[in-house]
Each structure stands twice: as structure tokens, then as C-alpha cells.
1. Going through LEU220, LEU246 one at a time, which residue ends up being within 18 Å of the chain's Cα centre (by Cα), within 23 Å of GLY304 (Cβ to Cβ) and at pLDDT 95 or above?
2. Restricting to segment 171-205, name every residue that is in contact (Cβ under 8 Å) with a residue 60 or more places away in the chain and in a helix (DSSP H, G or I).
3. Could you identify the single residue in LYS77, LYS64, LYS8 that is in a helix (DSSP H, G or I), surrounded by 14 or more Cβ atoms within 10 Å (Cβ to Cβ) and either basic (Lys, Arg) or at pLDDT below 95 (or both)?
4. State which residue pairs qualify: first residue basic (Lys, Arg) and inside segment 114-135, second residue open to solvent by 30 Å² or more (accessible area, probe 1.4 Å) in any location, beta carbons under 9 Å apart, and separation of 6 or more residues or different chains.
5. Could you say which residue among GLY58, GLY41 is open to solvent by less than 20 Å² (accessible area, probe 1.4 Å) and outside any helix (DSSP H, G or I)?
6. Does at least one position in segment 106-115 carry a residue that is part of a helix (DSSP H, G or I) and either under 21 Å from ASP179 (Cα atoms) or touching a Ser or Thr at 6+ places or on another chain (Cβ under 7 Å) (or both)?
7. Within the bounds of segment 136-144, is there any residue that is crowded, with 16+ Cβ neighbours inside 10 Å and in contact with a Phe, Trp or Tyr (Cβ under 8 Å, 6 or more places away or on another chain)?
Amino acid sequence: MRIEEELKLDFNDVLIRPKRSTLTSRSEVDLSREYVFYHSGLHYQGIPIIAANMDTVGTMEMAKALARHGVSVALHKHYKEPELAAFFKARARPKAGEAGSAVFYSMGITEADYRKFRRVKEAAGDLIEYVCVDVANGYTKSFVGFLQKLRKNYPKITIMAGNVVTGEMTEELILDGADIVKVGIGPGSVCTTRKMTGVGYPQLSAIIECADAAHGLGGLICADGGCTSAGDLAKAFGGGADFVMLGGMLAGHDECMGDVVDSDGERKARFYGMSSRTAMDKYSGGVSAYRASEGKEVLLDCRGPVEGTLREILGGVRSACTYVGARRLKELSKRTTFIRVARQLNEVFGQS
């Protein structure tokens, strides 16, 4: 047993310090980014926000709605093969030089997941350019082996893989074939991993450390989980995240296609973690005897179309850029100085 005593930070532990700026309006801020991925060589241009591959968020309807703004989606992995093939075949991709969105095909690491992907890829061909290999624990040998196999057999696809929270594992995943490493264990609003297992890492520190490791090798990271406001996205980008993945902030909208229930006369949308009892009952026949649920279900207000929420999110990030003089999102991390706030002391003494 050992104890690391170095300070680790979450989004609520810091604020961004304002700086002098020559910007006069949020409209002057460009939120798009351009990347050439390390392994695939694919060129990306768009707003680097990704709707999470949860079945109540990562839907085809969400992909169509967010594409109009150059925002991406990781489709959930429970769509049937014909649906996936038809969707990718029908999807209009941006022309060369135009900003656009990416749509990630999501998969686990079982042999059945791999066979399903091969069949959909054969049907859709080069129209599938992005893949998200998604597991709760990215530290296992089987996960690394699967990533190596996928990269070997599909050298031209862009692979996002995770989740991890430490620099050394970020480096390993990039060297083993990941273009983007997904960072976050336990910070999500409907994730109970930290409570059930005691395992996790404060999300802002994870982003800072993993971004440093990834960028040193030419790779990228996606901050996954923990954002509850536009200010949290600004902090994630300021900490070095190349992409930010959102679940709860995009949940409850018309495009989510989740179950809607009546609660005390009000319409509520069900939102749950993909390791929750709800999800496992739905897709796996219940929680296996050898494991525990690591997610929960909540009821959210039905929020209508996602358009309004997205505009609020993008507007908040643009405003953060104006406060530090970042004309482009790319400049935000270079112009960010974090100020630690005494959140823990305030909680102890009951101060707001």
C-alpha cells in the first residue's frame, strides 16, 4: 500500500483567471479545431464536443441534430446491424476543407462485438471512419490486446479508446493504436463507480496529466464525464482536453429517444448509466451474480429539442474564451491560469 500526497483537482476546485483581451464580442471566437490523427492520418475539422455513447444520448437522431453545428456523436452500441449500416450509408459527410461532425461507431471488446463491427464495416465500407472502443476499465491486458488487433486490421480508421485516468496508460494506449484516449473513471452524473469500488481520479487532474502524456506522443484525449455546466467544458479545454464528451448535459431532449414517464403529473425522461441495473436488465438480462451495478437511474425534466441547450453550451465556452483573450479554442489552454478555490473549507464552515 502507498499514498500519493500530491494535490489532485476536480472542476469545482478551480476557477479560470481572467486576462486582458482584445476581443470585443463572443462572435469573434472560433470554437472549431483541426486535427490530423496520429495513426489513421484522417483529417478532422469541427467543434470538438462529442455526445456520449449512452443509449439515452448517443442516438442517430442526436447525430443528425448536432451535425448542423459541427458537433459529434458516439452512437451507443446497442443498435442492430441493419440500422447501423443504413445510417452510415445515408449520412452526408462534409466536403474537403469544410467543418463537420464525426460519428463514432461504438463497440466493446468481446468477440461478438468484433464480429458485429466487421459485418457493419463490410456493409458500410469507408463510410465508417471513427470507432469508439469503450470499456469501464481500460487497464486490462484484454483491452490492450483488442486495441492492437483492431488497429492492425483497420489501419485507416480513427480509434478512440478508454477509459483511463493516468499518463502512463494514456501513453500505452496511443502506442498500441489509439488516436484519441478517453479519460475519466467515475466522474459522470449517473456513474457510481467511485462509490461502489473506491476507484477513481479527480477529473481535472486526470485531464491535465493525460493530455500532457498524449501530446508528447502526438496523440489526443477526450475528457469523458464530470461536466455539469459550460464552465466545466471551458475548464476541461483549458486543462488540455482535445475533445469533451457529454452525457447528462445532453440528456432529456427530444433527440435522446429514451423512455418518458409520468411523475406527479409531469413528463420526465429516464437517464441512467450504462453500468446501471436498468441498463443491464435491458441489455444483459440483469446484473450478473459476480458483479455489482456501478450506475444509477434518474428522472430528468423533458427539455425539448437539443438545439437550445447546445447554443447555451457553445455560448458559455465562447464567453470563457473572451475572458482570457483566446480568439480560437486552440488558444484556450495556452491562456488558462487556474485559481484554486477553498471549496473544502467552505463546505466545512458552511460558507457559500
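1. Values: LEU220 fails: within 23 Å of GLY304 (Cβ to Cβ).
Selected residue: LEU246, the only one of LEU220, LEU246 that is within 18 Å of the chain's Cα centre (by Cα), within 23 Å of GLY304 (Cβ to Cβ) and at pLDDT 95 or above.
2. Within segment 171-205, ILE174, THR193, MET196, THR197, GLN203, LEU204, SER205 meet the criteria.
3. Numbers: LYS77 fails: in a helix (DSSP H, G or I); LYS8 fails: in a helix (DSSP H, G or I).
Criteria check complete, one pass: LYS64.
4. Here the result reads LYS116/LYS77; LYS116/GLU81; ARG118/ASN153; ARG119/GLU81; LYS121/TYR154, each pair linking segment 114-135 to a residue that is open to solvent by 30 Å² or more (accessible area, probe 1.4 Å).
5. Values: GLY41 fails: open to solvent by less than 20 Å² (accessible area, probe 1.4 Å).
Result of the check over GLY58, GLY41: GLY58.
6. As a first pass, look at segment 106-115 and keep what is part of a helix (DSSP H, G or I): 111-115.
Now narrow it down to the ones that are either under 21 Å from ASP179 (Cα atoms) or touching a Ser or Thr at 6+ places or on another chain (Cβ under 7 Å) (or both): 113-114.
Yes, segment 106-115 contains a residue that is part of a helix (DSSP H, G or I) and either under 21 Å from ASP179 (Cα atoms) or touching a Ser or Thr at 6+ places or on another chain (Cβ under 7 Å) (or both).
7. No, segment 136-144 contains no residue that is crowded, with 16+ Cβ neighbours inside 10 Å and in contact with a Phe, Trp or Tyr (Cβ under 8 Å, 6 or more places away or on another chain).
Each row is one residue, and each column tells you yes or no for (1) within 26 Å of ASP301 (Cα to Cα); (2) surrounded by fewer than 24 Cβ atoms within 10 Å (Cβ to Cβ); (3) among the hydrophobic types (A, V, I, L, M, F, W, C).
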| position | (1), (2), (3) |
| --- | --- |
| LEU204 | no, no, yes |
| CYS210 | no, no, yes |
| GLY226 | yes, no, no |
| CYS256 | yes, no, yes |
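The values are calculated or read from the model by the stated rules, or taken from the named source; none is laboratory data. Being a predicted model, the structure only gives us computed values, none of them experimental. All Cβ positions, glycine included, derive from the backbone under ideal geometry; neighbour counts span all protein chains shown. Keep in mind that these areas ignore ligands, DNA and RNA; they rest on the heavy atoms of the full protein, side chains included. Shrake-Rupley method; radii C 1.70, N 1.55, O 1.52, S 1.80 Å.
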